[in-house]
Each structure stands twice: as C-alpha cells, then as structure tokens.
Amino acid sequence: MNADANSMLAALAAFRETKKFRCTEPEFRLINPSPASVTQPMVVALNECATDLSVLVQLGAPPAQLKACIAASLRSVEKPFDTEDREYLCFYYNQLGQYVGVKVGPLLNRWLYGYLLSTLLRFLSRD
C-alpha cells in the first residue's frame, strides 16, 4: 500500500472513532443537538460507509467506485425531517469524500436540495 492509501485509512479510522452530531464543529456550534434516537441510525450509516471505504481503499478501488460507495450509503439513510440534521449528515459525507479524494458535492446537493435546485446551483456556480 502506498502512503496515500495509508493516510486515507488512518483518516477513515479516526472518522469512525469521532463522536458525531454533537455540534462541536464551528459550522454547527449554534444548533441544538438532535436526540440520539434521531442521530443513531445516521451514525451507524456513516461508520459503515467509512468501513466500506476502508476496504475499497485497501483493494485499490478507483475513485468512481469510492464515490458509488458514498452514494449508496447516502441513499440508504432515511432522510431526517430536520433540515439541520440533513445538512449535518452532508457535512460528514463530504468529509468522507475528502478523506478518499473524491468530489461528492454535486451528489450531496442533489440529495439535500433535489434534482432541479442542485442543477441550478451547478449552473450558477460555474465561472
């Protein structure tokens, strides 16, 4: 395994150990944490995704397969009713994408905002 794969695996392991949805990140420090009954299924999905990504990194999977893993995990999560929880979940999936070197922004926008608005956001963000 190369140094990039080792750093990805270390980041994914640290991600699994991190407490999630506690509003300790600067972006989310002003919101109230949701109860564990709401966040627990999301934490499980995120940690399972990190584990699956670790396996794929060890196997030397291409970026498209890593992105497909994140997309499948995101689709498996029941959409929380609270917009803040959905944004928080996207924050964590974006972190996973960054750890494995995959851009997942358009995927997250489509899940969060729907196809129409995510397409508009993509066109408006072009320079």
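The values are calculated or read from the model by the stated rules, or taken from the named source; none is laboratory data. Predicted model only: the values in this text are computed from it and were never measured. All Cβ positions, glycine included, derive from the backbone under ideal geometry; neighbour counts span all protein chains shown. Just the protein is used for accessible areas: all its heavy atoms, side chains included, with ligands, DNA and RNA removed. Shrake-Rupley method; radii C 1.70, N 1.55, O 1.52, S 1.80 Å.
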Going through region 26-38 in order, the residues found to be part of a helix (DSSP H, G or I) and touching a helix residue (DSSP H, G or I) at 6+ places or on another chain (Cβ under 7 Å) are 27, 28, 38
Test: residue in region 57-64 that is under 26 Å from residue 125 (Cα atoms) and open to solvent by 10 Å² or more (accessible area, probe 1.4 Å): yes
Within region 1-23, the residues that are in a loop (DSSP other than H, G, I, E, B) and within 24 Å of residue 78 (Cβ to Cβ) are 18, 19, 20, 21, 22, 23
Of the numbered conditions (1) at pLDDT 90 or above; (2) more than 12 Å from the chain's Cα centre (by Cα); (3) not in a helix (DSSP H, G or I), residue 65 satisfies every one except a single condition; which is it? (3)
Please count how many residues of region 68-103 are farther than 24 Å from residue 5 by Cβ, among the charged types (D, E, K, R) and outside any helix (DSSP H, G or I). 3
Please work out which residue is modelled with the highest pLDDT, limiting yourself to region 80-93 and to residues that are surrounded by fewer than 17 Cβ atoms within 10 Å (Cβ to Cβ) and under 17 Å from residue 20 (Cα atoms). 91
Can you find a residue that is at pLDDT 95 or above, open to solvent by 70 Å² or more (accessible area, probe 1.4 Å) and within 12 Å of the chain's Cα centre (by Cα) anywhere in region 42-53? yes
Collect the residues in region 1-44 that are free of Cβ contacts under 8 Å to residues at least 12 places away in the same chain and hydrophobic (A, V, I, L, M, F, W, C), keeping them in residue-number order. 3, 10, 14, 23, 30, 36, 44
